[in-house]
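The values are calculated or read from the model by the stated rules, or taken from the named source; none is laboratory data. Just so it is clear, the model here is predicted, and its values are computed rather than measured. Don't worry about glycine lacking a Cβ; one is built from the backbone with ideal geometry, like all the others, and counts go over all protein chains shown. For the accessible areas, the whole protein counts, side chains as well, though only heavy atoms, and no ligand, DNA or RNA atoms are used. Shrake-Rupley method; radii C 1.70, N 1.55, O 1.52, S 1.80 Å.
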Amino acid sequence: MAKDPIYDSHVAVLAFPFGTHAAPLLAVTRRLASAGPTTVFSFFNTAQSNSSLLSSVDDADLPANVRVLDVSDGVPDGYVFSGRPQETMELFLVAAPENFREAIAAAEKEVGRKVKCVLTDAFFWFAADIAAEMKACWVAFWTAGPNSLSAHLYTDLIRETIGVKEVNGRMEETLGFISGMEKMRVKDTPEGVVFGNLDSVFSNTLHQMGLALPRATAVFINSFEELDPTLTKNLKSEFKRYINIGPLALLSSSTSQTETLLVHDPHGCLAWIEKRSPASVAYISFGTVMTPPPGELVAIAQGLESSKVPFVWSLKEKNMVHLPNGFLERTREQGMVVPWAPQVELLKHEATGVFVTHCGWNSVLESVSGGVPMICRPFFGDQRLNGRAVEVVWEIGMTIINGVFTKDGFEKCLDRVLVQDDGKKMKGNAKKLKEQAHEAVSAKGSSFENFEGLLDAVVNISI
Ligand SMILES: *[C@@H]1O[C@H](CO)[C@@H](O)[C@H](O)[C@H]1NC(C)=O
């Protein structure tokens, strides 16, 4: 057996084990670990999140200097769930500071090295204190976009300017007082900033995060500077370092032939789309967390059927019962409904003409990277801000008419994006952004160079 390499530095990585947070943090950790082979990375995650994260072949094969470790999910022994929303997340967050402190101390003993840097999901604002106690640096990863990051950074300013009590009458006003958010409306902000429950554990976490992030050695984000130059400039002035390293989707999946063969595509979506004409197909997916209510699923199906637009629809098996009677049989030639689809590859394919999406940040950025216009149906959190940016800032898509799917509204949107001149303009804008995204991650591009800065902040710690 090979001898353990001698590591000269130790980084603790703290993952947020819900939604699609842990996967991009692991992807970044892998890259940092490959670029800094003499640093050992202790990656903390809950057992449940870890097992889904590492079950894919791709992720199981980690660099030798990444150690994956369990941290408690924070659910007390014998706890009886009440079933309220966000319950597991709240239990985790409340217990997280102590659980991470203990887990880091144990890892330091095992490795025989003190942790020099704490690399965390940005949600973990308490890492500012943990890092200070340990005389380590704190580097925070905001896994969504710069608009929502700004909304949380400026939560107090938004509350003071708009007024928590007056907010209902001011929903249509824009946030002109925040540099880069001039086109965002009050109603686009995530709930918990100025409307909704301002006192939930989660709202409080994000508020605290906004206050703590200026203390971080660096804040980094899965985006590229050219996408939002004004926001980028402003956030650089607020944080010690603000580093754009994306789009990560352009880095993780290679386009080389041998690797394309390895793309996980159990339902044959790529073989199917191969035969369609350029920019003709609607790809529909609302991410891993969200499903539109049954009535909207019916409206989507009806809109697809009457528009005759070819489609790939990623829909969880358990929701297929909501589809209209006979829909699957009648549309067998027109499209496919699958429980899972290779999203990044579909969005890169030239036959994909529109992405119908909830506008989660990863999805939006993957669509930008593929040059695909969007029809947005935001539900919660940062999704409204992302959808608004798609529609009025980048002009690469539109929000669904009246905010929810109806047969006619959806049909009109498909027609506008896929057929009308308007849609051609969106496609042109999307193509330009795609080129900028590719440039950003190629040699000497902004994200490429910025990654060196991140490596420097995490591995070559100079504090
Ligand atoms: C993480 O998950 C993988 C795959 O299920 C498993 O092999 C590994 O033992 C897990 N590690 C920890 C620390 O839970």
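Observations on the model:
- Those strands (runs of 3 or more DSSP E) lying entirely in region 205-318 with at least 2 residues aliphatic (A, V, I, L, M): 218-221, 281-285
- Among (1) open to solvent by 10 Å² or more (accessible area, probe 1.4 Å); (2) closer than 14 Å to Pro292 by Cβ; (3) in contact with a Cys (Cβ under 7 Å, 6 or more places away or on another chain) - the single one Arg377 does not satisfy: (3)
- Within region 1-52, considering residues that are within 16 Å of the ligand (Cβ to nearest atom) and open to solvent by 40 Å² or more (accessible area, probe 1.4 Å), the one modelled with the lowest pLDDT: Ser52
- Residues in region 297-335 that are of a type in the set (S, T, N, Q) and open to solvent by 30 Å² or more (accessible area, probe 1.4 Å): Gln302, Ser306, Ser307, Asn325, Gln334.
- The set of residues in region 154-185 being within 22 Å of the chain's Cα centre (by Cα) and not in a loop (DSSP other than H, G, I, E, B) consists of Thr155, Arg185.
- Output for region 191-206, where each listed residue is closer than 14 Å to Val164 by Cα and in contact (Cβ under 8 Å) with a residue 40 or more places away in the chain: Glu191, Val193
- Of the residues making up region 152-193, just one is under 17 Å from Val390 (Cα atoms), touching a Gly at 6+ places or on another chain (Cβ under 8 Å) and open to solvent by 10 Å² or more (accessible area, probe 1.4 Å), namely Glu182.
- Those residues of region 393-408 which are in a helix (DSSP H, G or I), surrounded by fewer than 16 Cβ atoms within 10 Å (Cβ to Cβ) and touching a residue at least 60 places away in the same chain (Cβ under 8 Å), in sequence order: Asp408
- Residue pairs whose Cβ atoms lie under 7 Å apart, separated by 6 or more positions or on different chains, with the first residue in region 43-55 and in contact (Cβ under 8 Å) with a residue 40 or more places away in the chain and the second open to solvent by 50 Å² or more (accessible area, probe 1.4 Å) and more than 6 Å from the ligand (Cβ to nearest atom), are Thr46/Asp73.
- Residues in region 98-128 that are in a strand (DSSP E or B) and not charged (D, E, K, R) were compared, and the one that is surrounded by the most Cβ atoms within 10 Å (Cβ to Cβ) is Leu119.
- Scope region 132-146; condition surrounded by 24 or more Cβ atoms within 10 Å (Cβ to Cβ) and either part of a helix (DSSP H, G or I) or modelled with pLDDT under 95 (or both); matching residues: Pro146
- Failed item, numbered, when Gly428 is tested on (1) part of a loop (DSSP other than H, G, I, E, B); (2) surrounded by fewer than 16 Cβ atoms within 10 Å (Cβ to Cβ): (1)
- Leading residue by the ranking (least open to solvent (accessible area, probe 1.4 Å)) among those in region 194-236 that are charged (D, E, K, R) and more than 17 Å from Ala457 (Cβ to Cβ): Asp228
- Some residue of region 89-109 being within 16 Å of the ligand (Cβ to nearest atom) and either closer than 15 Å to Ser9 by Cα or in contact with a Cys (Cβ under 9 Å, 6 or more places away or on another chain) (or both): yes
- Single residue of region 69-84 satisfying the filter (open to solvent by less than 50 Å² (accessible area, probe 1.4 Å) and out of contact with any Leu (no Cβ under 7 Å at 6 or more places or on another chain)) that is farthest from the ligand (Cβ to nearest atom): Val71
- Candidates Leu418, Leu433 - the one that is modelled with pLDDT of 95 or more and open to solvent by less than 30 Å² (accessible area, probe 1.4 Å): Leu433
- Filter result for the condition that a residue is of a type in the set (S, T, N, Q) and either more than 21 Å from Glu296 (Cα to Cα) or in the same structural domain as Val194 (by TED's automatic domain parsing) (or both), over Gln383, Gln343: Gln343
- Screening Glu350 with (1) among the charged types (D, E, K, R); (2) over 24 Å from the mean Cα position of the chain (by Cα); (3) surrounded by 13 or more Cβ atoms within 10 Å (Cβ to Cβ) gives one miss only, at (2).
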